[in-house]
1. Determine how many Å³ per residue the convex hull of the Cα atoms of the chain encloses.
2. Residue farthest toward the positive end of the dipole of the chain, with Cβ of Lys/Arg at +1 and Asp/Glu at -1: which of V11, I84, A109?
3. Give me the number: length gained by fully extending L107 to E42, i.e. 0.36 nm times residue separation minus the C-alpha to C-alpha distance, one decimal in nm.
4. What accessible area, in Å² to the nearest ten, does a 1.4 Å probe give for Y64?
5. Dipole size in debye (nearest 20) for segment 1-113 around its Cα centre, Lys and Arg Cβ +1, Asp and Glu Cβ -1?
6. Rounded to the nearest 500, what is the chain's calculated 222 nm mean residue ellipticity when only DSSP H runs of at least 4 contribute -39500 (n - 2.57) each, over all residues?
7. Read phi for every residue in segment 2-19 and hand back ³J(HN,Hα) as whole Hz from Karplus 6.51 cos²θ - 1.76 cosθ + 1.60, θ = phi - 60°, with x for Gly and Pro.
8. What's the angle, to the nearest 10 degrees (0 to 90), between helix 68-85's Cα axis and the longest principal axis of the chain?
Amino acid sequence: TRSKQEAISLVIEGVHLLPGILPIETKDALIVPLVLAVPNEEVHRHYFEKRDKQTHKRRRKQGYLKYFTEIRMIHDFIVERAQIEKVPVIYEQDPRLSLEQALEIILNASLKIRK
């Protein structure tokens, strides 16, 4: 609400934002939901190792890898919900390509509201 009142752009990002929870239709704001999926489990596992290094072990990989099976179940559930809710899913590959796909989705959504 505050960001709408102050006309501030906002990105809401989070691993547990379930598609269909946020209202998509609103006349005062453009909301563009999308999901980034990591279909390859080994690549997903590697991200926890990479984050462990990037955060100087503040977010230790062991805690995530201990619950990796549950994390994958949540991942798959979010992807399934995105498909049901018709939320675009970007299947992670090259980071630049994933970014291009996300920007294209956002641009297309913004062009639709201008018509």
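1. Values: hull volume 15.3 nm³, N = 115.
Taking only Cα atoms, the chain has a hull volume of 133 Å³ per residue.
2. V11
3. Numbers: separation 65, 0.36 × 65 = 23.40 nm, distance 3.15 nm.
Length gained between L107 and E42: 20.2 nm.
4. 60
5. Values: 18 positive and 16 negative charges, 125 e Å.
Once rounded to the nearest 20, the dipole reads 600 debye.
6. Working: 5 runs with 62 residues, N = 115.
Mean residue ellipticity, 222 nm, calculated: -17000 deg cm²/dmol.
7. Along segment 2-19, the couplings run 4, 5, 5, 4, 9, 6, 10, 5, 8, 10, 9, 10, x, 6, 10, 8, 6, x Hz.
8. 20
The values are calculated or read from the model by the stated rules, or taken from the named source; none is laboratory data. Since we're looking at a predicted model, the values are computed, not measured. Ideal geometry is used to build each Cβ from the backbone, glycine not excepted, and the neighbour counts take in all protein chains shown. What goes into the accessible areas is simple: the full protein's heavy atoms, side chains included, and nothing from ligands, DNA or RNA. Shrake-Rupley method; radii C 1.70, N 1.55, O 1.52, S 1.80 Å.
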